[in-house]
1. For TRP20, TRP113, give me the order by solvent-accessible area with a 1.4 Å probe, most accessible first, ignoring ligands, DNA and RNA.
2. At each listed q (0.14, 0.17 Å⁻¹), what is the log10 of I(q)/I(0) that the Debye formula gives for region 1-151 modelled as equal alpha-carbon point scatterers?
3. Which entries in LYS49/LYS75; LYS64/LYS135; LYS11/LYS118; LYS87/LYS118 show an alpha-carbon gap greater than 20 Å?
4. Can you tell me which of ILE73, ILE58, ILE15 moves the most in a GNM of the chain? Springs connect C-alpha atoms under 10 Å apart.
5. Suppose every K and R has +1 on its Cβ and every D and E has -1 on its Cβ; what is the size of the dipole of region 1-142 about the Cα centre, in Debye to the nearest 20?
6. Can you check what the net charge comes to around LYS41, using other residues whose Cβ is under 10 Å from the Cβ of LYS41 (Lys, Arg +1; Asp, Glu -1)?
7. Taking a label point 7 Å from the Cα of LYS127 along the Cα→Cβ vector, which residues of region 1-40 have an amide N closer than 13 Å to it?
8. Going down the table (LYS3/LYS144; LYS109/LYS146; LYS6/LYS47), which pairs top 28 Å between alpha carbons?
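The values are calculated or read from the model by the stated rules, or taken from the named source; none is laboratory data. Note that the coordinates shown come from a computational prediction; the quantities given were computed from them, not determined experimentally. A quick note on method: Cβ atoms are made from the backbone with ideal geometry, for glycine too, and the neighbour counts reach across all protein chains shown. Just so you know, the surface numbers come from the protein's heavy atoms only, side chains and all, with ligands and any DNA or RNA stripped out. Shrake-Rupley method; radii C 1.70, N 1.55, O 1.52, S 1.80 Å.
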Amino acid sequence: MDKVLKIKALKFPDIPHYEWEGEILHQTSDYLLLLCKPGRKLIHHSKNKVFTINNTSIEFYSLKEWYTAAMEIKKEEVVSVYCNIAKPCVFNNEEICFIDLDLDYVWEKNNEWKVVDKDEFEVNSIKYMYTEELKVGAIKALAKLKEEVRKGNFPFNNQFTFNLKTY
């Protein structure tokens, strides 16, 4: 599969935040797995800038769970994982969109997993008027994500159905 999709991150409720492109590697009714190649352009609407991303990443977009995961690849191995707590993604065959809820769970090679952007979550929950249900959902999603990582469930077990050497 080398169908290219636009990936759109939104701020609540549907404010453009940033976007880039990736190719579908694998698709199920539960998730999409995309390849994002070096040299891709990231349009950052919130900062009104365009960045060139020079790494390869394999990106997981759940259509059911409240998170996304981007796994940075260098020399045939995952060297970092960046998970966004987000509403389940919406996929329409041309693009995949998610509402970024600020909380992130990240891992870098030789380091422990850590939660980042708690302050941003607090500020944005006021700025964007997150509902109580949305705030509770984000906190629950972070706890569930931590448990999925702890258990080594896909996509956090590095047992991908493709060969990292090709990326």
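1. On the way: TRP20 25, TRP113 70 Å².
Descending order: TRP113, TRP20.
2. With no solvent term, the Cα-only Debye profile gives -0.68, -1.04.
3. In this structure, LYS49/LYS75 exceed 20 Å between Cα atoms.
4. Largest GNM mean-square fluctuation: ILE15.
5. On the way: 19 positive and 24 negative charges, 64 e Å.
Dipole of region 1-142, to the nearest 20 debye: 300 debye.
6. Working: positive: ARG40; negative: GLU19, GLU21.
Charge balance near LYS41 sits at -1.
7. 11-13, 15-18
8. With Cα atoms farther than 28 Å apart: LYS3/LYS144.
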